[in-house]
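The values are calculated or read from the model by the stated rules, or taken from the named source; none is laboratory data. Just so it is clear, the model here is predicted, and its values are computed rather than measured. All Cβ positions, glycine included, derive from the backbone under ideal geometry; neighbour counts span all protein chains shown.
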Amino acid sequence: MPAIAVIGDYQPENETHSTIASAVAAVSSAVDVVWVPTDDIGDLSWTDGVWIAPGSPYKDFEAALEAIRWARVNDVPLFGTCAGFQHAVIEFARNVVGLDGAHHAEYDTDASLLVVDELACSLAGETMDVTLVDGTKARTAYGSAHSTERYYCRFGLNPQYTPALLEHGLVVSGTDAEGEPRIVELPSHPFFVVTLFVPQTNAEQPHPLIASFVGYVGASGYSLGSRSAGSSS
C-alpha cells in the first residue's frame, strides 16, 4: 500500500492535525498515513509521499528542513500546509537560492535572513479567497480560477525574498486579493506544492489539492526502486 509520511509533531486536539488522515481517506482508502515526529524522522525511503504538517515550532527544525530537501531532490511527491509552506520556502532559500542563514521568525526573531516573518495581519481564523494562476499544477488541480480557504497562521513569506525564490525556480500558483503568495510550487518537480492555508480542515472533502497530491503518491513510477539516491543540492 502506498504510504504518506506526515512530518510533524502530532497533537490530537489540533484540528489541522486530526483532519489529515480523513482528508486523505476521502480521496483514497488505499493510501496509508503515517505520522513522523520531527525529532525522530530517520530514513524516509519507505514512503511514497511527504506531507509537511502545521504545528510549528517543530521539535527539530533542521530535521524538518532535511526531510523537505530529501523529497525535493529525490522527486518524491511533497505537499505542505501552513508551517509546511513556511519551512519549504526556507529549505529552498537555503539549499537552492544559497541563503545559508534563511530562517523563521517563530524560532529566532533576531535572525538576519528572516525569509519567513510575522505577518502584518495574522491570518489565524480567517477564511479568504485564493486566485489560482493559469498553467500551474494548483490551477489544474482546482479546475477553476478561484477558491475559498481557511487559515491558521501568523507567519508568511517575507516579500523581500520572493524575487530570489522565483528567480531560482519556485512559482507562485495562488494569491490572495492583494496578490500575496498563498500557494507556491516547483514546476521542475513531479509534485511539490505548498499552501499557507490549511485545506485538510475544509468541510468539502476531497479537497482538489489533496486529491492531486494523493494521486501522485499512488501513481506508478514512485516505487522505492524507481527513485535515485538524490543529490546534495
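Observations on the model:
- Any hit, the stretch 126-141, residues being outside any helix (DSSP H, G or I), closer than 18 Å to residue 80 by Cα and touching a Cys at 6+ places or on another chain (Cβ under 8 Å): no
- Against the test of being at pLDDT below 95, surrounded by fewer than 21 Cβ atoms within 10 Å (Cβ to Cβ) and within 14 Å of residue 90 (Cα to Cα), the options 120, 111 yield a single qualifying residue, 111.
- Close pairs from the stretch 139-168: first touching a residue at least 24 places away in the same chain (Cβ under 8 Å), partner assigned to a helix (DSSP H, G or I) and among the charged types (D, E, K, R), Cβ under 9 Å, at least 6 apart: 152/15
- Residue ranges of strands (runs of 3 or more DSSP E) in the stretch 1-106 with at least 1 members surrounded by fewer than 23 Cβ atoms within 10 Å (Cβ to Cβ) and of a type in the set (Phe, Trp, Tyr): 32-36
- Matching option when the condition is modelled with pLDDT of 95 or more and within 16 Å of residue 197 (Cβ to Cβ), among 72, 139, 94: 139
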